[in-house]
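So the structure is just underneath, and the comments pick up after that.
All of the numbers you see were taken from the coordinates with simple rules; none came from a lab. Remember, it's a predicted structure, so these values are computed and weren't measured experimentally. Virtual Cβ from ideal backbone geometry, glycine too; neighbours counted across all protein chains shown.
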Amino acid sequence: MQISMARVMDGLARRRRRCKAASFSACCSRSWAFVVFNLVLLALFLLDGPVAAYIRVHRLEVRPVGSVITDFGQSGWILAASLLICAEAYLAYRLSPSCRRRFQAAFVGHMALYVFLCVALSGVTANLLKRVIGRARPVLYDQLGMLSLNFFAGSSRFESFPSGHATTIGAFMMAMALLAPPFRLVFLVMGLWLGFSRVIVGAHYPSDVIAGLALGAWFSLVIAILFSRHRLLFRQTGEGWPLLRRPVPLSLLPPSITYPKPAFRLYGSSSASIRT
């Protein structure tokens, strides 16, 4: 037991040393915030007012469309599913007789943990921001306008910016795009539809959704880079972007897609490295 624990600690120490050598990519720099800030400003001055007025007039026509898909942006089902997968992967890791099966279980567990952290951390941040900023929702557009702020209002009617649903959607879709790159265009389209469904149902302004999508996507990128710094699930390219270390075991992935095949080593294993 002591020898095994010593090997685990030695492996963690090696990961920490590799972490110091790694660097964050440009996706975490000020350029991301600069671009998002300008997109939010453009939406604020050009889109929020006209879109809110249009939705208010045609709400009976467009609201049913958004109501069908908007609830997919709730974080509860994503967090519950990812935790369940984590638990099942842990049990599979402990009960699997072969080293290969344990690696597969650990890989699935890391994916579920990654999705959970992306959605949970971005959601907590978005909820804190919207309570601090206190922007009035579109339902109060006629009384207060689109620029009304009531800091720490403590009411859901003043929790419009950023959109919590859009943050969850941005985090989840970016995480899925990083885990399954061949389908990233599908996840992008789904993210836009699900995010702007909050505008269709009259719960948020376009600028709220843009800010939420960007915030969630940024969290997923940052957490993927943190994982790659510790050689978990991702690795960093020469430019610092996170790239999946091994393919997701999905038969739906096109066979023409190729992935890098790095070597992995189990803590406490004296055998040669196992290649995927």
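Descriptive notes on the structure:
- Residues His165, His58, ranked from the fewest to the most other C-beta atoms within 10 Å, line up as His58, His165.
- Quotient of the Cα radius of gyration of segment 25-248 and 2.2 N^0.38 Å, N being its number of residues: 1.11.
- Taking the number of Cβ atoms within 10 Å of each Cβ as an exposure proxy, the fewest-first ranking of Ile133, Ile78, Ile210, Ile169 is Ile133, Ile78, Ile210, Ile169.
- Per-q log10 I(q)/I(0), segment 168-212, q = 0.18, 0.24, 0.25, 0.31 Å⁻¹ (Debye; single scatterer per alpha-carbon; no solvent): -0.50, -0.76, -0.81, -1.03
- Peptides 32-39, 99-106, 124-131, ordered by how many other C-beta atoms sit within 10 Å of their residues on average, highest first, read 124-131, 99-106, 32-39.
- In terms of surrounding Cβ atoms within a 10 Å radius of their Cβ, Thr70, Thr167, Thr237 rank from fewest to most as Thr237, Thr70, Thr167.
- Charge-dipole axis of segment 25-248 as Lys and Arg at +1 and Asp and Glu at -1 on Cβ define it, positive-most pick from Gly164, His204, Gly238: Gly238
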